[in-house]
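Shown next, in structure tokens, is the structure this report addresses.
The values are calculated or read from the model by the stated rules, or taken from the named source; none is laboratory data. Predicted, not measured: the structure shown is a model, and the values here were computed from it. Virtual Cβ from ideal backbone geometry, glycine too; neighbours counted across all protein chains shown. With ligands, DNA and RNA removed, areas are computed over all heavy atoms of the protein, side chains included. Shrake-Rupley method; radii C 1.70, N 1.55, O 1.52, S 1.80 Å.
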Amino acid sequence: MSVFVDEKGGIRLDASWLAVLGDEFEKPYMQSLKTFLVDEIASGKVIFPSPSCWFSAFDSTPFEQVRVVILGQDPYHGAEQAHGLCFSVPSNIKIPPSLVNVYKELASDLDIPIPTQGCLQHWAEQGVLLLNATLTVENGQAGSHQNKGWEKFTDRAIQVLNEQREGLVFILWGAYAQKKGALIDTQRHLVIKSPHPSPLSAYRGFFGSRPFSQANAYLQSNNKKAIDWQLD
């Protein structure tokens, strides 16, 4: 059994990403991660999101189409919330508190209506890579799959974007995401940092940080199309 293989026998990863990250799956840390995940599932533990969604961020935003990267920590650990895009939930699920605050800042920054649902797929399809540092979590156990190997994989994703692309925007909310900022060359890319949008920290500088207008201004200054941040 390989949790990284889809029903067609290929690795669950968009071809554009497979070209730059495919070698990672053969490395010891990913083999160890695979063993961990297989054992967790075999023991009856519920893992979020479902395996078909583990690489949804990469599948929704091909490598050459990335314009903005938003980094999260781990997937939501409640039932039916996580679907592979950081901060996002399926459109029929209640909007989580951190995303509520993201929407408040979005509305304030760009003077657009606060969205009524929590699916960020529209952003992903425009080139916003919505990447969690850890791509799985156990039901009800926040942080349970940290330090199992996912961070090395997502670090490598950031490294190849940094090395092989130019003029990207990296939005790093909170100390955890900002640690990955060490992987980014600020001479080649824009890094936007602020406190996390969590209710515990949003009032410490997240509100008023204007990440969305900053990102679009930078993209346009580099002759790239701005993101349409408005959601239904």
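Key figures
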| item | result |
| --- | --- |
| Listed candidates (i) 137; (ii) 121; (iii) 112 - label of the one calculated as volume of the Cα convex hull per residue in Å³ | (ii) |
| Which listed pairs, of K180/K225; K193/K224; K148/K180, have C-alpha distances above 23 Å, in listed order | K180/K225 |
| Estimated 222 nm signal from helices in the chain, with DSSP H stretches of n ≥ 4 weighted -39500 (n - 2.57), rounded to 500 | -9500 deg cm²/dmol |
| At q = 0.12, 0.14, 0.21 Å⁻¹, base-10 log of I(q)/I(0) for the stretch 97-211 (Debye sum, equal scatterers on each alpha carbon) | -0.49, -0.68, -1.42 |
| Extension gain, E125 back to N147 (0.36 nm per residue minus Cα-Cα distance, nm) | 5.0 nm |
| For L129, distant residues with modelled amide H under 5 Å away | R67, V68, V69, I70 |
| For the chain, share of DSSP beta bridges that run antiparallel, in % to the nearest 5 | 20 percent |
| Cα-based convex hull volume of the stretch 148-218 per residue, rounded to whole Å³ | 91 Å³ |
| Distance-filtered residues of the stretch 78-110 - backbone nitrogen under 19 Å, label point 7 angstrom along Y203 Cα→Cβ | 97-106, 108 |
| Whole-Hz couplings from phi, Karplus 6.51/-1.76/1.60, listed for the stretch 138-155; x for Gly and Pro | 7, 3, x, 10, 4, x, 5, 10, 6, 6, 9, x, 4, 4, 5, 5, 6, 4 |
| Computed FRET value (nearest 0.05) for E26 with E80, which takes r as the C-beta separation and R₀ as 25 Å | 0.15 |
| Listed peptides 100-110, 78-88 by packing density, highest first (mean Cβ within 10 Å) | 78-88, 100-110 |
| Mean accessible surface per residue for the stretch 83-202, computed with a 1.4 Å probe while every protein chain stays in place, in Å² | 39 Å² |
| Extension gain from K8 to L110, taking 0.36 nm per residue of separation minus the Cα-Cα distance | 32.4 nm |
| Segments 53-59, 129-135 sorted - mean Cβ within 10 Å per residue, highest first | 129-135, 53-59 |
| Whole-percent carbon and sulfur share, accessible surface of the stretch 113-232, 1.4 Å | 45 percent |
| Net length gained if the chain between D155 and A226 were fully extended (0.36 nm per residue, minus Cα distance) | 23.0 nm |
